[in-house]
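The values are calculated or read from the model by the stated rules, or taken from the named source; none is laboratory data. Remember, it's a predicted structure, so these values are computed and weren't measured experimentally. For neighbour counting, all protein chains shown are included, and Cβ atoms are generated from backbone atoms with ideal geometry for every residue, glycine included. Accessible surface areas use protein heavy atoms only, side chains included; no ligands, DNA or RNA. Shrake-Rupley method; radii C 1.70, N 1.55, O 1.52, S 1.80 Å.
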Amino acid sequence: MAIMPARIHSTRLRSLAWYVTALLLVLWFCPWLWKGFLDAYFPYSGVVVEKGMDQNFLLLGGRGRYIVIQDEAGHSTKKYVGYYGYAFAHIGTFVVKKKGFGEYPFPPDEKHPSELLREGEKRRGKP
C-alpha cells in the first residue's frame, strides 16, 4: 500500500513539470504575451519610428502588434500594444502613454476616446 501513493505523487510531479515546461516554451516563442502586459501598464513616451507585428512559426498566441519608440536619448524600445494603441500611434509622431491599464499611446494634443465621449455628453446636456 505504501508504494501506490508514491507513484501517484511522482506522476503528479511529472505532469506539473510538463505543464510548466510547455508554458515556458510558449512564453519564450510568444514574448508579446507577457511583455504586452507590462507595456500596457507602465508609462512611456517618445517618437514612433516603426510599427509592425510579431508572429511565431507555430502561430501560437496570435500576433503581437508593436511600435518602436525612440526616446530623447536616442534609445529605441519595442512596446507591444493592443489594437487601439496600434491604430492610434503613427510613424513619425511623438506619443505619450500614461501609467495604467486602458491607456493608449497618444500624441500630447489628442484625447482619449472616453474623454471625447464625456465632452460630447456634457455638450448635449447629459450628466
Notebook entry, point to check: Which distance in nm do the two modelled labels at Leu116 and Leu16 give, with both placed 7 Å along the Cα-to-Cβ direction?
Noted result: 5.0
Check: How would Phe42, Phe94 line up by accessible area, probe 1.4 Å, largest first?
Finding: Phe42, Phe94
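Could you give the dipole magnitude of the range 77-120 about its Cα centre, charging the beta-carbon of Lys and Arg +1 and that of Asp and Glu -1, in debye to the nearest 20?
260
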Margin query: At 1.4 Å probe size, put Lys111, Lys99 in order of accessible surface, largest to smallest.
Written below: Lys99, Lys111
Item checked: Qualifying lysines (Cα of each under 29 Å from Cα of Lys79; at least 8 residues distant if same chain) -> Lys35, Lys51, Lys97, Lys98, Lys99, Lys111
Next item on the list: Can you sort Glu110, Glu72, Glu115 by 1.4 Å-probe accessible area, starting with the largest?
Entry: Glu72, Glu110, Glu115
Notebook entry, point to check: How large is the charge dipole for the range 33-120, taken about the Cα centre, if only the Cβ atoms of Lys, Arg (+1) and Asp, Glu (-1) carry charge, to the nearest 20 debye?
Noted result: 280
Checklist line | Extension reserve of the Val47-His90 stretch, reckoned as 0.36 nm per residue once the Cα distance is removed | finding: 14.6 nm
